[in-house]
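First the structure, in the form of structure tokens, and then the observations on it.
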Amino acid sequence: MNWTALSVFIVLFALVTVMGFIAARWRRGDLTELNEWGLGGRRFGAIVTWFLLGGDLYTAYTFIAVPALMFGSGALGFYAVPYTIIEYPLAFLFLPRLWSVARQHGYITASDFIEGRYDSKLLSLAVALTGILATMPYIALQLVGMKAVIGAMGLSGDWPLVIAFLILAFYTYTSGLRAPAMIAFVKDILIYVVIFVVVIALPIKLGGFGHIFHAAGIALSTHHPKGSLVLPKPAFMPYATLALGSAVALFLYPHAVTGALSANSRQTVKRNMAFLPIYSFMLGIVALLGIAALAAGVHTKVTSNVVPLLFLKEFPSWFSGVAFAAIAIGALVPAAIMSIAASNLFTRNIYKAYFVKNPSPQHESRVAKLFSLLVKLGALYFVIGIPTQYAINLQLLGGIWILQTVPAIVLGLYTRWFDRYALLIGWAVGMYYGTSMAVANGFKSSIYAIHFGHLTIAAYAGLTAGVVNLVIAFVLTVVFRALRFHQGKDATVQEDYKVEVV
């Protein structure tokens with residue numbers, strides 16, 4: 001048991017726990033209403049939104065998994081950096097439009113927009129279910145990241161995770177989105193302090209970056225299969241499509257949409273898309289921790305333990321405690337937002353649509369709070385009750401699934417040309433095709449090779465399935481429009497997509 005690291009960890013964890021409960025009084029609003037509980041009353045300014053989205057998108061699993069992939073494979077793991085650079089210009093194009101139309105019509109979820117735009121409860125349900133299914137294993141993986149740092153300090157068993165779950169569940173229930181928004185400040189400050197120290201101290205300790213990369217290259221060459229610091233030519237297409245597909249998908253996850261819709265203005269959303277790339281610099285350094293671990297001689301068969309073992313080996317125990325607390329808090333923030341986002345989807349687009357047609361705002365909020373508890377309980381079961389690999393497999397599917405909502409959501413923000421039934425069929429085919437590719441790979445990779453005669457193209461399965469989805473939606477729209485299918489009533493008008501502040 002590393003008592004020094006554990007003591008620092010407990011103090012910082014207790015601090016954010018208190019903040020989580022205090023957050024209910026921050027920027028006071030009626031938390032018995034879903035708009036206040038689930039979106040913070042849409043009152044977060046540029047700074048709060050920046051910390052919230054940063055805490056939302058750069059999760060504990062990011063700080064564990066990206067270095068782990070670099071440690072195991074080398075250059076391929078670095079795809080996470082370019083994809084976080086690509087995503088913000090893409091999101092800059094469509095997120096402000098989504099914020100405007102959501103603000104104008106009181107939409108809380110992307111599925112609300114889908115129903116209003118296409119007059120289709122079925123398409124709205126499809127998008128909602130996709131979001132919920134993709135979010136569940138994502139929450140579980142936050143707990144996996146927390147489990148890695150807790151284990152590194154010498155705590156065994158599942159009871160520390162259960163305690164963390166109870167804390168997360170209670171302050172999310174009482175404070176809603178305000179809790180992760182407030183805690184995100186502490187999380188990000190801790191992360192930046194740790195990264196600042198690491199980028200200076202590790203090269204000094206390990207003989208400079210030249211020696212680090214040289215030693216890491218030698219270590220990677222002994223792996224089975226071999227890794228490399230330079231991307232081999234056959235990996236160019238998988239690397240590029242994985243980065244592009246991940247970039248397109250990220251801001252369509254329910255938790256990312258929730259964070260964006262909580263902003264107080266369209267301009268706030270735009271500013272955040274301009275300044276959030278600062279996190280990409282931090283992520284680049286985090287990715288290099290996997291290379292540093294190779295150079296430091298860290299040995300482990302469980303790659304998720306790479307970062308904790310590196311900190312314990314190269315830094316004082318008290319600093320390791322700070323780093324572990326930053327990672328654990330980095331699990332609480334996104335897990336809270338994810339559970340809130342999933343409960344918003346369930347309440348608005350499943351419960352309200354199919355069970356209770358006109359619930360009061362208080363009724364909606366109560367159902368959302370209860371469902372958020374259920375979501376976190378499911379995530380806890382993923383980590384404790386079944387092998388962790390299952391959660392990783394489902395998260396792999398999550399990215400593939402989320403990409404199948406692109407035609408309906410992103411294109412729908414610009415045009416109403418696509419037929420609602422064509423979009424639904426395209427979504428279903430994309431879901432099936434993408435899932436079948438992942439299954440064919442045995443869930444070992446999201447890269448799938450497609451054969452055209454003598455030509456073989458290996459690409460990200462989510463992007464491949466998304467292209468098939470889009471082609472089907474386009475062709476069927478042409479057919480259905482020729483057959484004069486009823487298009488439904490569009491509840492939005494062009495001016496709705498340009499609203500600044502209501």
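The values are calculated or read from the model by the stated rules, or taken from the named source; none is laboratory data. Computed from a predicted structure; not experimentally measured. Every residue, glycine among them, receives a Cβ derived from its backbone with ideal geometry; neighbour counts consider all protein chains shown.
Annotations
- Within the stretch 335-348, one or more residues are out of contact with any Ser or Thr (no Cβ under 7 Å at 6 or more places or on another chain), under 23 Å from I195 (Cβ atoms) and of a type outside the set (V, I, T).
- Residue that is nearest to A408 (Cα to Cα), among those in the stretch 475-502 that are basic (K, R) and not in a helix (DSSP H, G or I): K489
- Qualifying helices (runs of 4 or more DSSP H) (wholly inside the stretch 143-242; at least 2 residues being at pLDDT below 90): 159-175, 178-205
- The stretch 450-474, residues that are outside any helix (DSSP H, G or I), hydrophobic (A, V, I, L, M, F, W, C) and surrounded by 14 or more Cβ atoms within 10 Å (Cβ to Cβ): A458, A459
- Conditions (1) without any contact (Cβ under 8 Å) to a residue 24 or more places away in the chain; (2) outside any loop (DSSP other than H, G, I, E, B); (3) not small (G, A, S); number of the one not met by Q267: (1)
- Per the listing F281, F355, F371, the residue uniquely under 23 Å from the mean Cα position of the chain (by Cα) and free of Cβ contacts under 8 Å to residues at least 12 places away in the same chain is F281.
- Within the set T405, T347, T435, the sole residue that is more than 29 Å from A164 (Cα to Cα), hydroxyl-bearing (S, T, Y) and surrounded by 19 or more Cβ atoms within 10 Å (Cβ to Cβ) turns out to be T405.
- The stretch 59-76, subset of a type outside the set (A, V, I, L, M, F, W, C) and at pLDDT 85 or above, residue nearest to R271 (Cα to Cα): P67
- Only one of the listed residues (G208, G259, G227) is within 28 Å of N305 (Cβ to Cβ) and in contact with a helix residue (DSSP H, G or I) (Cβ under 8 Å, 6 or more places away or on another chain). That residue is G227.
- Total residues in the stretch 399-434 satisfying the condition of being over 21 Å from the mean Cα position of the chain (by Cα) and in a helix (DSSP H, G or I): the figure is 14.
- Given (1) farther than 22 Å from K369 by Cα; (2) modelled with pLDDT of 90 or more; (3) among the small types (G, A, S), index of the condition G54 fails: (2)
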